[in-house]
Amino acid sequence: MPGTIDVHTHYVPHGWPDVSDAAGPDAPWLRVESEREAMMMTGGTEFRRIQSDAWDPDVRLADMDADGVQTQVVSPTPVFFNYARTGEQAAKIATIFNDLALDITGPVGDRMIPFCQVPLQDPDLACKELDRCLDNGHRGVEIGNHVGDRDLDDAGVVEFLQHCASRDVPVFVHPWDMTGSPRLDRWMAKWLVGMPAESHLSILAMILGGVFDRVDERLKIGFAHGGGSFAFWLGRMENAWHRRNDVIGTSEFPPSHYLGRFYVDSVVFDERALRLLVDTIGSERVMVGSDYPYPLGERPVGEVVVKSEFLEPATRDLILRGNAERFLGLPAS
């Protein structure tokens with residue numbers, strides 16, 4: 001039987017050219033400490049310790065084989081997006097990292113599917129970089145869930161999403177640049193609270209901002225981390241849409257109408273949460289994601305899906321592989 005498809009993994013190249021002219025004094029760089037370990041830096045600040053599984057395809061393949069993963073979608077690490085820079089600066093950085101990504105995924109063929117990054121703050125440049133990357137071998141795009149104060153219903157972002165729909169390109173939305181309140185500086189709260197909230201807000205913007213009413217239904221868009229807290233609070237959104245339509249009724253239909261328009265990944269770590277996700281979003285819209293290779297990711301990949309007793313075998317197979325095949329435009333196994 002074919003293995004799992006993991007739609008949510010990240011990479012970091014093992015070094016890259018100096019981008020400080022484009023990214024400024026807090027430019028990302030890699031402090032290599034050994035053949036297997038390095039520290040991601042932003043300027044002079046330590047951001048995250050990583051290991052060779054971030055860049056070495058052989059290490060990744062060994063982990064994939066151990067977890068029964070046939071295919072990884074390999075996406076950028078969001079710290080490299082640089083949406084706060086000019087479009088030209090972000091485009092230069094995107095070009096460098098997108099080309100380096102192919103050095104990691106290229107040698108292993110279809111077992112790793114590269115997703116590119118784009119300068120989302122400039123829709124023309126974003127479309128141009130996406131087209132260049134598709135010509136070079138990328139199969140999709142990862143975007144952050146906002147550009148500064150602009151959410152996914154921003155006109156420029158919608159223009160880019162429409163371009164993705166016209167090219168039948170899957171889009172994976174990852175939360176990033178979580179709120180900077182000092183109340184979130186403890187307990188990794190930016191990741192434990194901020195990320196779920198950001199993902200929820202992204203789907204809210206797509207629905208209540210009328211994006212799904214405006215963008216071609218061919219758009220294939222997925223959200224990381226189970227869509228954040230969206231599934232839990234859909235009922236609250238639905239109630240608000242009906243009771244206070246004068247305030248939030250910017251979408252043509254109530255929120256539940258749009259459930260078939262997007263995907264979410266399964267990286268929720270708990271069978272009860274996965275049950276809610278499947279019951280709310282739909283069994284044909286949940287795909288395995290792991291957040292590999294980062295320490296808050298799921299290992300073994302897809303463990304909650306495999307062990308969840310409430311799933312029928314056919315539904316489990318959809319989540320492990322079938323839904324991702326449809327999202328990625330792969331032949332059904």
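The values are calculated or read from the model by the stated rules, or taken from the named source; none is laboratory data. Fair warning: this is a prediction, and the values are worked out from it, not measured in the lab. Because the Cβ atoms are built from the backbone with ideal geometry, glycine has one as well, and the counts that use them run over all protein chains shown.
Points to keep in mind about this one:
- Output for the stretch 274-333, where each listed residue is closer than 26 Å to Tyr258 by Cα, over 19 Å from the mean Cα position of the chain (by Cα) and charged (D, E, K, R): Arg275, Asp279, Glu312, Arg316, Asp317
- The residue that is surrounded by the most Cβ atoms within 10 Å (Cβ to Cβ), counting only those in the stretch 119-139 that are touching a strand residue (DSSP E or B) at 6+ places or on another chain (Cβ under 6 Å) and in a loop (DSSP other than H, G, I, E, B), is Leu120.
- Leading residue by the ranking (surrounded by the fewest Cβ atoms within 10 Å (Cβ to Cβ)) among those in the stretch 226-248 that are in contact (Cβ under 8 Å) with a residue 40 or more places away in the chain and small (Gly, Ala, Ser): Ala231
- Residue, nearest to Tyr294 (Cα to Cα), within the stretch 69-104, restricted to residues that are hydroxyl-bearing (Ser, Thr, Tyr) and in contact with a Phe, Trp or Tyr (Cβ under 8 Å, 6 or more places away or on another chain): Thr77
- Criterion (surrounded by fewer than 16 Cβ atoms within 10 Å (Cβ to Cβ) and free of Cβ contacts under 8 Å to residues at least 60 places away in the same chain) met by exactly one of Glu271, Glu298: Glu271
- Residues of the stretch 304-333 classified as without any contact (Cβ under 8 Å) to a residue 12 or more places away in the chain, within 16 Å of Gly68 (Cβ to Cβ) and either exposed (fewer than 15 other Cβ atoms within 10 Å of the Cβ) or of a type in the set (A, V, I, L, M, F, W, C) (or both), total: 1
- Of all residues in the stretch 11-25 being under 22 Å from Gln51 (Cβ atoms) and surrounded by fewer than 24 Cβ atoms within 10 Å (Cβ to Cβ), the one that is modelled with the lowest pLDDT: Gly15
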